Each structure stands twice: as structure tokens, then as C-alpha cells.
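J.: Quick one: the structure is below, and I'll ask about it shortly.
The values are calculated or read from the model by the stated rules, or taken from the named source; none is laboratory data. Worth saying up front: this structure is predicted, and the values here are computed from it rather than measured. Reconstructed Cβ throughout: ideal geometry from the backbone, glycine too, with neighbour counts over all protein chains shown. Ligands, DNA and RNA are excluded from the accessible area calculation, which covers all protein heavy atoms including side chains. Shrake-Rupley method; radii C 1.70, N 1.55, O 1.52, S 1.80 Å.
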Amino acid sequence: MMKQDGLTRRMRFLPAFLLLGALFMLFAPPAPAQFSDQVLRVEVGEFAPGRPLPVTVDFANLNGIRAVNVSYRLFGASTWTVREMQIIGNSALYAIPADELRPAILEYFFAFSRTDGGSDSTYPGMNPDTAPLTVELGPPVGGTGAVVVLSPEPGEHINQEDALISFSLARADSAIDRTRTQVQLDGDDLSEHLVVSDGLFVLRPDNAGATPDGGSHTVKVLLFDTAGTFISGESWTFFVRGPRLGDPADDGLPREWTAHGTARLETRSENISDIVTPFNRATIDAVATDGKFEFTGHLHLTNEERDYRQPQHRFFIGAESPWLKLGYGDTYPVMPDMIISGKRVRGLNGEVTAGFFGLEVVAGEMVRSIEGDTLHTFPVDSLSEEQNDDPTGPYGPYDTSATPDIWAKYRYGTFDRSLFIVRPSFRFGNSSFGLSALHSKDDVNSVTYGGAPEENTVAGTDLTLSFDRKNIEVRAQAGFSLYNSNIRGGTISDEEIDSLFSDSSDQAFSREDLENARDIFSRFITVNENMVPLGLENFTTASWEGTLALNYQPNNFSFTWMRHGASYVSFGQPFYRRDVEGFSANDRVRLADNRLQLSAGVERLQDNTAETKPATTTFTTISGGASWLSRTDVPNITLGVLSATNRNPLVPDTTYGVDYSVDDNTFRVMLQLSRQVVLGAKHFASAGFSASRRDDKTARNLDSRNISLSLSVVTSYDIPLRSTVSAMYFSNEIDVTGGTASDLGYTILFFGAEYLLMQQRLAVNAAVSPTVGDITRTLINGGARYNFTRTLSLEGKLGIYLNEGDDSDVIWSFVLRADV
């Protein structure tokens, strides 16, 4: 009955949504948004092959949030890639690497860790793993540029031998005559050397006798129709580092220096639940280069910096030459992802390149110390009572000289954690081989009141082999970790081993195991009874994976085999999925002049690699998708279907209060439409549908159902006016223990516009976004940006949240920006 009531309640808001749908279905991708009392907006950049995909989350309130993580995966994969996002002000940012992206659909959601130790939350808030946000990874629709730049990227600094110009067309336009495409490098027409294959345009300057020397260079691409009439063009600048120092080709002549920078001052006030929080921030970025040498600097200061929080200030200063990079400050190093991938490190970052040899070094602080505290003291006689009140609390002696002894309940602090990574590598053409070593350790003496200090050492290797002009690639990496969960007291001695261990057969490991482990590993890590591994059975701390990629057009096929040990640990990669082994295979076919893209994938993984669980669970995912890029009035279409099954052979059994059986299937289907229409104005319209159902066949019967619909129209008028109208409907239902269900359904409407005045020096915008259904709230916001000059602007914003039954929340801000 509860389910029927929930459905009836949600159906009241469906007619208004369907009315909007009838108006918009002539057009057609979804605007991903859901209700949240913390998240204001999620923005994903436009996908372009060969470029990272930026993801940004803007928050209404970051109070209480310690870290923001983004989980993402290509549609059809079962494994989520989790990365920590960089927090700047009230926004969290991350750029998904280009080599992790391919058409057609990317799924993602966000998780928030709290500073007070409370439960983590997610966005979307319900079923984020089975009903995540999505973004289409396909040719951009409705963009202003016709050319997608692949290499070199605008502003990129490359070595002279790596100069390769490549691009594709953002949209398939029958009016464009590809044979007439012109490419100019620094004003010289090199079009006769342009190679076109499967929609990809490639030009190697050295084949045209125009090898770029050190300095700045400009590429210009011109597009024409079949009659030779110019249609559109694109130009961008890149930098060549030039000859190495001491090279005979280095003419030693002085080069022209260029510099630019940005300064940003912000003041912001948030009145949330009648609690006013002010924010004041200043950010400065600067770059100076002569095309061969480069100096960069970044400084971010904020009143959010507190000694009881991890650093909120950010700074970095760096220098780069053709053979050396040096930097100090806050960096986010990326190496083989078994070792480190985007974790913040404050310290030294350097890289040396000498011919085929390279060396990377990172040394600094991952976590700074935050002192703990004594919450309260009590006689030792009251310890049992205290532990009954809070069984998980940390307790310990406070004053043993008193009678009776005085104990205390503590709030443990955070140890200072250092990090050192060294990675030598060797490069031969498009192939490379690298070795990596990581050591990270908590400083036991950095805080007085601390819990268990930890230590971690990782050794890894990576290999890339490329054949037949990168049509065949083999990529592999492997790692072995040592981890100690409590190094207090140092390396264990023979006497301590004798006092702790016996040779009885019921021990998990023997005295001899620990002695051997200590003798082997003590030069790399603190060895005691808390270290993993204490034995090498089942290689629980070893991980490896290998990929074979075949890129013969129109096919892109890849096969990956992996085994991630159950106890593998790297402090530089805390989100690495452990305890799985198996394979995944994916194929993508491009047909009909790249207008039709078909994809299919299968992944089969199993856990219990250490053979310590009651049974092995098998995770099987099968997916398929199709994307059609239309050249007619038919909308662009993307369709995806997925089936994910998780199963182990256990019979449901609650004899001991725990049911370890797993038997469920999740089926998902997604449809996205998009179309550009000119009806008095230029309209970019989108529609999306997503549905998923999880069928839990165990006695728990934890089924779930999710439906989302979205419609959006963005209109650009002949006058300097741009408007957005969208509607999003969400329905979430989860079965809980006892046969009842938790239902949530709501609709979010959005109406917004931006207008340019005073010869486009003043931009004003306003929007209203009501939420109706099981959640009721209305957002009203507006703002203005005035450009005093081309390089100086002031922007103001005001947001008002009208909450049903509660006081309104108000957020305002002013930002002064200068570009020099």
C-alpha cells in the first residue's frame, strides 16, 4: 500500500512534466541535476577526443565537508574509478584524463567525507551506483567551433621532436569540402602535406620541411564548402621548447619573454539555517615564458585556514626548461595509478629528461599534523560505564600517580604524514618502461594524542609497447605493497617476538614467519605484528593488470586482465579497488563516415583472491550502446543498455545473524537525444531518459527502482540574449527490511536568461528554479558582471532559497578579477 501511495503522490506532478515534454520533444541531451541541500550546480566540460574532461561541483555550503571524491566509469564497466577532487573556495574540481575517456556515455557521482566523523553522503543522494549522473561522450552538438583540436593543445609546451598537428571536425556538415581544408603554420600554407583518414586530419611539420624551432607557433585551420567559399576557421598557439642546452643547434640568441597573470578577490556570505558564515579569498596565477624556459606561480589565500583543519591555503612556484622541471608547493602528481593519482602533496616536485632517460621525484607532506585533545577525565573505576556510553571511543591512562588512576576519553589528532616517490623511466619512441617506489610514514611524535600511526611502502613497474604506428599497444603495470597499521614502538625485537608468539598450529602465522619478514623488510618499513604481509601466500599485497589495444579503423578493441590483491595498499591511491581478478573486453566500431558508433563490452570479475571469505562472488557486466550523429533533421541519438549480475553460490542462511549470500541483477537503459533547430532563433534542445531496476533474489529482497527524465532548451537570439528552460523528473524507490519501501519523487523546473548591455560590457542574469513533489523548494538567483576594461571586471551574485516550512537561506558574493 505504501508503494501505491508513493506512486499516486508522484503522479500528481507528471502532467505538468508531460506538457513540457510535448513542447520540447521536437528538439532533444539531459541537464544532469538533482535536489541537494549542499550542491548548487554540477558542470561537466564539453568532451573532445584527446583532451581531459573537467568536472566541477559548486556548493551552497561546504561546512563540515572534509573531502570530495568523484566516482566515474564508462557505461558498461562494473568498476568505479574514484579520485579526490581539488577544493578551491566553494567548488571542487577534477579533470578526468583523456586516456580514460571514449564514446559514448560516462557515468559519475560524488561522495562527501565529513570532518566530524559523521556518515558520508553522496550526490545523487539515493542509489548513486545504480542511478548515477551521466554525460554523453560524443561529438559536440551546438558548439560554436567546427574544429576539435587534438594536438598540440592550445598553450601546450612540447618538445621539438613531438610536433604533430592533428584535429577533427566537431560536426558532420555536408557543406564542408574536406579536400579544400587549409592548414597554416605561422602563416605558411602546408595543406598539401595534410593527411585525412577516417575523419582525422594529421600534419607532421617535419615532412613539410617546416620543423618548428623553439618558441611560440600558431596553427590556423580554414574550412571551405564545395564551391570554395570560406565557412569557418580555428586558430591556436603552442610552444616548442627548442634545442636542449649544449646542443649545437642552440643558437644562444636571446628570446622574447611573454608573461600573463590573473588576480581574483572574492568576498562571500552564506546565511544557512540562520548561521552566517563569511568567506574572503584571494587567488593569483602568473606565467612567464620565452618558449624555452617557463616560470609559473599560484597562490590561494582564504579565511578558511584553521589549525584544526588540513591546509586550505594553496601555493606553488615552478620553473621549467627543456630538460628540467622543478616546483615547490601544493601539487597533484599523477604516475601509474597503482602508485599515485592526483593526491595533494605539499613539497618538492621535480622531473629530469635526458634523451631516452627520465627521472621524477616527489617529496613532501601528504597530511599535516592536527593535535588531538582530552575530552574529559574520570577515575578508572568509571571506565566500564564510559565504555558502555560510547563503546567506540578512544580511552587511555591520564594520570597514573593519582589514587585511583585517572583515565581520559580523547579526541585523537592527525599525524603528520610524509611522502617520497622516485620514478626512473626509459623511453624508446612510443614505447616506455618505468620503475616506481613510494614510501609514506606517519610521524609518531607529531601529536600528543594520536591513535595508530601508519607506514606504507610500494614498489611498482609499468610498461608500454607500441607497434605499427600505435595501432597495436600493450600496456601493463604491477605493484607490491608493504603496509603497517600501527608502527608505535618501532620494529619488533627477538624478545618481543618470543613473548607474543608460539609455534602452536592455531597461530595465523608463526614466530619464524615474523622473524623472516622482519629481516627482509625492516630496511624498507617498520616491521611488527601489524605489518601486512607477514607471509607471501596468495600474494595478497601484489596487484597487476595488462591491456592489449588494437586500433585498426574502424575498430577500437581492448582487452584487460587484472588481479588486485586483497591487502594491496598505496597511500597515494586510497581508492584503488582491491580483491578482484578477472577480465574486461570492449569494442567500438565507427561506421557511416563516423556518424554511427557501436560499442559493446563484457566484464567478469571475482573477489576472494586471498581465499579467506566464505565464498567467491562473481561480478558480470554486459553492455551495449549505439550513437548516431545525424546530418538531417533527425535528432542525434545515443542509446545504452546494461545488465550487471552479482552472484555467489551460498544458500541464504541467517543462523548466525549474517547472510553472506549474494544474488542480484541490475538492468539499466538510457536514451539521449539532441538537436539544433533554427526557428526564429537558434535553439539547442535535449531530452534524456534513464531507468534502472535492481532485483535482489536473496532473503533480504532489497530491490530498487529509479527513473529520471530531463528536457532542456537553450536559445540564442539575434539580440544579445540567451535563455534556458529545463525540466527534470526523478523517481527513486528502495525496498527496505520488512517489505516496506522508501519512495522519493520530485520535479525540478528551471527558467533562466542572460542579457548583454552597454556594448556587451555589462552582463545581467536571473533564474528561478522551483522543486515540487516530495521535496518542495524554490531557488531564485541573479547576478551581474561589469567589464571596466578588457582585463578588469566585477561580478556580483545573489541566491535565495525559499524552503517550505523553514527560514530562507541567502548567499551573496562579489568577485573582482584582473587579467594582465
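J.: Please enumerate the residues belonging to segment 272-284 that are open to solvent by less than 40 Å² (accessible area, probe 1.4 Å), touching a His at 6+ places or on another chain (Cβ under 9 Å) and of a type outside the set (Lys, Arg).
T.: The first filter runs over segment 272-284 and keeps only residues open to solvent by less than 40 Å² (accessible area, probe 1.4 Å), leaving 272, 277, 279, 281-283.
Remaining after also requiring touching a His at 6+ places or on another chain (Cβ under 9 Å): 281-283.
Selection gives Ala282, Thr283.
J.: With the checklist (1) touching an Asp or Glu at 6+ places or on another chain (Cβ under 8 Å); (2) of a type outside the set (S, T, N, Q); (3) open to solvent by less than 50 Å² (accessible area, probe 1.4 Å); (4) assigned to a strand (DSSP E or B) in hand, flag the one item Gly625 doesn't pass.
T.: Going through (1) touching an Asp or Glu at 6+ places or on another chain (Cβ under 8 Å); (2) of a type outside the set (S, T, N, Q); (3) open to solvent by less than 50 Å² (accessible area, probe 1.4 Å); (4) assigned to a strand (DSSP E or B) one by one, Gly625 breaks only (1).
J.: Follow-up. So in segment 92-117, with the set limited to residues that are open to solvent by 30 Å² or more (accessible area, probe 1.4 Å) and part of a loop (DSSP other than H, G, I, E, B), which one is modelled with the highest pLDDT?
T.: Only one residue fits best here, namely Pro97.
J.: Hey, another quick one. Which ones in segment 738-771 are closer than 15 Å to Tyr801 by Cβ, of a type in the set (Val, Ile, Thr) and surrounded by fewer than 17 Cβ atoms within 10 Å (Cβ to Cβ)?
T.: Listed by number, the list holds a single entry, Val768.
J.: Quickly run through segment 305-320 and pick out the residues that are outside any strand (DSSP E or B) and either surrounded by 18 or more Cβ atoms within 10 Å (Cβ to Cβ) or out of contact with any strand residue (DSSP E or B) (no Cβ under 8 Å at 6 or more places or on another chain) (or both).
T.: At the first step, the residues of segment 305-320 found to be outside any strand (DSSP E or B) are 305-313.
Glu305, Arg306, listed by residue number.
J.: If you take the residues of segment 555-564 that are surrounded by 15 or more Cβ atoms within 10 Å (Cβ to Cβ) and of a type outside the set (A, V, I, L, M, F, W, C), which of them is modelled with the lowest pLDDT? Write out each step before concluding.
T.: Here is the first cut: in segment 555-564, the residues surrounded by 15 or more Cβ atoms within 10 Å (Cβ to Cβ) are 556, 558, 560-564.
Now drop any that are not of a type outside the set (A, V, I, L, M, F, W, C), which leaves 556, 558, 560, 563-564.
Details: Asn556: 84, Ser558: 91, Thr560: 94, Arg563: 95, His564: 94.
The qualifying residue modelled with the lowest pLDDT is Asn556.
J.: Shifting gears a bit: Within segment 785-794, identify whether any single residue is among the hydrophobic types (A, V, I, L, M, F, W, C) and open to solvent by less than 40 Å² (accessible area, probe 1.4 Å), and answer yes or no. Spell out the reasoning first.
T.: Pass one, segment 785-794, residues among the hydrophobic types (A, V, I, L, M, F, W, C): 788, 792, 794.
Restricting the remaining residues to those that are open to solvent by less than 40 Å² (accessible area, probe 1.4 Å) gives none.
No - not one qualifying residue is present in segment 785-794.
J.: Something else now. Out of Leu756, Leu671, I need the residue that is part of a strand (DSSP E or B), under 25 Å from Pro124 (Cα atoms) and not small (Gly, Ala, Ser). Which one?
T.: Details: Leu756 fails: under 25 Å from Pro124 (Cα atoms).
Exactly one residue qualifies, and that residue is Leu671.
J.: Evaluate segment 717-735: report whether one residue or more is under 31 Å from the mean Cα position of the chain (by Cα), loosely packed, with under 15 Cβ neighbours inside 10 Å and not polar (S, T, N, Q).
T.: Here is the first cut: in segment 717-735, the ones under 31 Å from the mean Cα position of the chain (by Cα) are 722-735.
Now drop any that are not loosely packed, with under 15 Cβ neighbours inside 10 Å, which leaves none.
Checking segment 717-735: not a single residue is under 31 Å from the mean Cα position of the chain (by Cα), loosely packed, with under 15 Cβ neighbours inside 10 Å and not polar (S, T, N, Q).
J.: Which one is surrounded by the fewest Cβ atoms within 10 Å (Cβ to Cβ) among residues in segment 385-418 that are more than 30 Å from Gln573 (Cβ to Cβ) and of a type in the set (Gly, Ala, Ser)?
T.: Filtering segment 385-418 for residues that are more than 30 Å from Gln573 (Cβ to Cβ) and of a type in the set (Gly, Ala, Ser), the one surrounded by the fewest Cβ atoms within 10 Å (Cβ to Cβ) comes out as Ser401.
J.: When you check Pro574 against the structure, is it within 19 Å of Tyr72 (Cα to Cα), open to solvent by 40 Å² or more (accessible area, probe 1.4 Å) and either out of contact with any Phe, Trp or Tyr (no Cβ under 8 Å at 6 or more places or on another chain) or not in a strand (DSSP E or B) (or both), yes or no?
T.: yes
J.: Just to be sure before I move on: is Thr617 among the β-branched types (Val, Ile, Thr) and in contact with a helix residue (DSSP H, G or I) (Cβ under 9 Å, 6 or more places away or on another chain) in the structure I sent?
T.: no
J.: Could you check, for segment 693-701, whether at least one of its residues is small (Gly, Ala, Ser), within 30 Å of Thr645 (Cα to Cα) and either at pLDDT below 90 or open to solvent by less than 10 Å² (accessible area, probe 1.4 Å) (or both)? Write out each step before concluding.
T.: Step one: filter segment 693-701 for residues small (Gly, Ala, Ser), giving 699.
Checking which are within 30 Å of Thr645 (Cα to Cα) leaves us with 699.
Among the residues that remain, those that are also either at pLDDT below 90 or open to solvent by less than 10 Å² (accessible area, probe 1.4 Å) (or both) are: 699.
Yes, segment 693-701 contains at least one residue that is small (Gly, Ala, Ser), within 30 Å of Thr645 (Cα to Cα) and either at pLDDT below 90 or open to solvent by less than 10 Å² (accessible area, probe 1.4 Å) (or both).
J.: Same structure, new question: From the residues in segment 347-379 that are under 28 Å from Ser446 (Cβ atoms) and among the aliphatic types (A, V, I, L, M), which one is farthest from the chain's Cα centre (by Cα)?
T.: Initially, segment 347-379 is screened for residues under 28 Å from Ser446 (Cβ atoms), giving 347-350, 360-378.
Of the ones still in play, those that are also among the aliphatic types (A, V, I, L, M) are 348, 361-363, 366-367, 370, 375.
Working: Leu348: 24, Val361: 24, Val362: 21, Ala363: 24, Met366: 19, Val367: 20, Ile370: 27, Leu375: 37 Å.
The qualifying residue farthest from the chain's Cα centre (by Cα) is Leu375.
J.: Would it be correct to say that Ser567 is polar (S, T, N, Q), open to solvent by 30 Å² or more (accessible area, probe 1.4 Å), at pLDDT 90 or above and under 20 Å from Ser440 (Cα atoms)?
T.: Details: polar (S, T, N, Q): yes; open to solvent by 30 Å² or more (accessible area, probe 1.4 Å): yes; at pLDDT 90 or above: yes; under 20 Å from Ser440 (Cα atoms): yes.
So Ser567 passes the test.
J.: Which residue pairs have Cβ atoms under 7 Å apart, sit 6 or more places apart or on different chains, and have a first residue in segment 447-469 that is assigned to a loop (DSSP other than H, G, I, E, B) and a second that is surrounded by fewer than 21 Cβ atoms within 10 Å (Cβ to Cβ) and of a type in the set (Phe, Trp, Tyr)?
T.: Tyr449/Tyr410; Tyr449/Tyr412; Gly451/Tyr412
Rundown of residues vs (1) surrounded by 15 or more Cβ atoms within 10 Å (Cβ to Cβ); (2) touching a Leu at 6+ places or on another chain (Cβ under 9 Å), yes/no style:
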residue	(1), (2)
Thr540	yes, no
Leu550	no, no
Ser584	yes, yes
Gln597	yes, yes
Ala610	yes, no
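J.: For segment 419-454, what are the residues that are within 16 Å of Glu351 (Cβ to Cβ), open to solvent by 20 Å² or more (accessible area, probe 1.4 Å) and touching a strand residue (DSSP E or B) at 6+ places or on another chain (Cβ under 6 Å)?
T.: Phe420, Val422, Arg423, Pro424, Ser425, Phe426, Ser432, Leu435, Ala437 - these are the residues of segment 419-454 that are within 16 Å of Glu351 (Cβ to Cβ), open to solvent by 20 Å² or more (accessible area, probe 1.4 Å) and touching a strand residue (DSSP E or B) at 6+ places or on another chain (Cβ under 6 Å).
J.: Further question: Any residue at all in segment 21-40 that is at pLDDT 75 or above and either β-branched (Val, Ile, Thr) or in a loop (DSSP other than H, G, I, E, B) (or both)?
T.: We begin by selecting, within segment 21-40, every residue at pLDDT 75 or above; these are 39.
Of the ones still in play, those that are also either β-branched (Val, Ile, Thr) or in a loop (DSSP other than H, G, I, E, B) (or both) are 39.
Looking through segment 21-40, at least one residue is at pLDDT 75 or above and either β-branched (Val, Ile, Thr) or in a loop (DSSP other than H, G, I, E, B) (or both).
J.: Hey, another quick one. Every residue in segment 267-288 that is aliphatic (A, V, I, L, M) and within 30 Å of Ala319 (Cβ to Cβ), please. Before you say what the answer is, go through the steps one by one.
T.: Taking segment 267-288 as the starting set, the residues that turn out to be aliphatic (A, V, I, L, M) are 272, 275-276, 282, 284, 286-288.
Across segment 267-288, the qualifying residues are Ala282, Ile284, Ala286, Val287, Ala288.
J.: So which of Ser341, Ser269 ends up being of a type in the set (Gly, Ala, Ser) and crowded, with 17+ Cβ neighbours inside 10 Å? Lay out the reasoning, then the answer.
T.: Values: Ser269 fails: crowded, with 17+ Cβ neighbours inside 10 Å.
Criteria check complete, one pass: Ser341.
J.: So, one more: Taking Gly329, is it crowded, with 16+ Cβ neighbours inside 10 Å, not charged (D, E, K, R) and not in a strand (DSSP E or B)?
T.: Working: crowded, with 16+ Cβ neighbours inside 10 Å: yes; not charged (D, E, K, R): yes; not in a strand (DSSP E or B): no.
So Gly329 fails the test.
J.: List every residue pair whose Cβ atoms lie under 8 Å apart, where the two residues are 6 or more positions apart in sequence or sit on different chains, the first residue falls within segment 661-675 and is open to solvent by 10 Å² or more (accessible area, probe 1.4 Å) and of a type outside the set (Lys, Arg), and the second residue, located anywhere, is at pLDDT 90 or above and outside any strand (DSSP E or B).
T.: As it stands, the answer is Val662/Thr617; Val662/Asn648; Asp663/Asn648, since those pairs meet every condition given.
J.: Might you let me know whether segment 356-364 holds any residue that is more than 30 Å from Gly297 (Cα to Cα), modelled with pLDDT under 95 and not β-branched (Val, Ile, Thr)?
T.: Residues of segment 356-364 more than 30 Å from Gly297 (Cα to Cα): none.
So far as segment 356-364 goes, no, none of its residues is more than 30 Å from Gly297 (Cα to Cα), modelled with pLDDT under 95 and not β-branched (Val, Ile, Thr).
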